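What follows is a short report on a single structure.
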Amino acid sequence: MRIGSVLLDNNIFLAPLAGVSDRPFRVLCAEQGAGLVYTEMVSAKAVAYNNKKTSQLIQISPELETAGVQLFGNDPQIMAESAAKIDNDAITLFDINMGCPVPKVVNNGEGSALMKDPDLIGRIVEAVSMAVDKPVTVKIRAGFDSDHINAVEVARVAESAGAKAIGVHGRTREQYYTGVADWSVIKAVKENVSIPVLGNGDVFSAEDAEAMLKLTGCDGILVARGAQGNPWIFREILHYLRTGELLPRPEPAEVVEMIRRHKEALVQEKGTYTAVRELRKHVSWYTKGMKHATQLRKVINQLDDVEAFDEMLGTLLLP
């Protein structure tokens, strides 16, 4: 798949996920076949102020992942200057967040609040596109609420301003992540722009991915919550789209090995204290539906020791 000047291996991507798509998780998803992985959203203002935590968010391993950086903000000049400031050879492209629904972001006029101001969106996309040589993409929602479904209008504005691809989440900001994603909005955007459109929302299986591609005509897919605790979803989707065959779900031993690798990468990246605590949510996702998963989560939520974590993991999940 091509986005602007960039040729990617395939069209199934890991969406930007706050608190999830850090480098350890991105690398695991890339290994499983994700054609592009996005960083967690990064504050343009934090970049401008040299925030130390932000520098960790944009660390990319180009030998292990093909990654885009997602920025959020509402000031065209700050967005442009921040993109130019952090641009380097490891970054494949830049994405602009116009879909985050959380109040602390929306109340600042950022994230999905931008859906209410298409003119500002145009100025932001144009400014960032002029500031960097990399392709600039945007991720939007269907609209801010059910009375203002304006994804098509926003997509047209973004394309005219220089965006090279558009990710469309079929929910409004009002919905957050509840209800059902309206894929017809993705289809409408695809029919009204000439740049690639990436569908997002309710892709939890290979069959879902195929259904979205067929129904909407979109060019690619952004897998979000469907990848949480499930980096295998990328290999499963790609295999199914190529062959029509559903791969078997990973056996418990493979799940345990993936969790252990995830743990080791997190410890190296963030230290034991942070890693063990962040693993709690990941283990909950990895083990959903597995035998003894509830007991495992209860025990692991109380552990602070890495060795005890490994021992408990194998004891409860493996025969």
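The values are calculated or read from the model by the stated rules, or taken from the named source; none is laboratory data. Remember, it's a predicted structure, so these values are computed and weren't measured experimentally. Positions of Cβ are backbone-derived with ideal geometry, glycine not excepted, and every protein chain shown enters the neighbour counts. With ligands, DNA and RNA removed, areas are computed over all heavy atoms of the protein, side chains included. Shrake-Rupley method; radii C 1.70, N 1.55, O 1.52, S 1.80 Å.
Summary of computed values
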| read-out | value |
| --- | --- |
| Alpha-carbon centroids, region 24-70 and region 124-164: separation in whole Å | 21 Å |
| Relative contact order of region 1-149, pairs being alpha-carbon contacts under 8 Å that are 6 or more residues apart, as % | 20 percent |
| The chain - charge dipole about Cα centre, Lys and Arg +1 at Cβ, Asp and Glu -1, debye rounded to 20 | 480 debye |
| Translational D in µm²/s for region 42-182 (Stokes-Einstein at 20 °C, 1.002 mPa s, Kirkwood Rh from C-alpha pairs) | 142 µm²/s |
| In Hz, Karplus ³J(HN,Hα) per residue of region 177-191 (6.51, -1.76, 1.60; θ = phi - 60°; x = Gly, Pro) | 10, 8, x, 10, 5, 8, 5, 5, 5, 4, 4, 5, 4, 4, 6 |
| For Met130, solvent-accessible area (1.4 Å; no DNA, RNA or ligand), Å² | 150 Å² |
| Unit charges on C-beta of K, R, D, E only; dipole of region 44-175, Debye | 320 debye |
| Degrees between helix 151-161 axis and first principal axis of the chain (Cα, 0 to 90, nearest 10) | 70 degrees |
| Residue-span extension gain [Asp119 to Ala211] - 0.36 nm each, minus C-alpha spacing | 29.8 nm |
| Cross-link pairs Lys85/Lys164; Lys104/Lys270; Lys134/Lys214; Lys45/Lys104; Lys164/Lys190; Lys139/Lys281 - those with Cα-Cα distance over 18 Å | Lys85/Lys164; Lys104/Lys270; Lys134/Lys214; Lys139/Lys281 |
| Label corresponding to Cα extents along the principal axes in Å when calculated from the structure given, among (1) 61, 42, 39; (2) 70, 51, 48; (3) 57, 46, 37 | (3) |
| Rounded to whole Hz, the Karplus (6.51, -1.76, 1.60) HN-Hα couplings of region 7-19, x for glycine and proline | 9, 9, 5, 7, 10, 10, 10, 8, 5, x, 10, 4, x |
| Cross-link partners of Lys288 among lysines (Cα-Cα below 19 Å; sequence separation of 8 or more within a chain) | Lys263, Lys298 |
| Dipole axis of region 76-228 (+1 Lys, Arg; -1 Asp, Glu on Cβ), positive-most option in Val125, Met98, Ser160 | Met98 |
| Neighbour cut-off at most 13 other Cβ (10 Å), DSSP loop, GluC sites (Glu not before Pro), region 234-273 | Glu245 |
| Table column - 3J(HN,Hα) (Hz), region 104-116, Karplus curve with 6.51, -1.76, 1.60, x for Gly and Pro | 5, 7, 4, 5, 8, x, 10, x, 5, 4, 5, 4, 7 |
| Loop sites in region 155-223: trypsin sites (Lys or Arg not before Pro), DSSP, at most 12 other Cβ within 10 Å | none |
| Global form of region 205-249, assessed from the alpha-carbon gyration tensor, a/c cut-off 1.5 | oblate |
| Loop-resident sites, region 1-70, for GluC sites (Glu not before Pro), counting at most 12 other Cβ within 10 Å (DSSP) | Glu63 |
| Given the chain, longest segment not containing exposed loop chymotrypsin sites (Phe, Trp or Tyr not before Pro) (DSSP; at most 13 other Cβ within 10 Å) | 178-319 |
| Per principal axis, descending, Cα span of region 94-149 in whole Å | 36, 22, 15 |
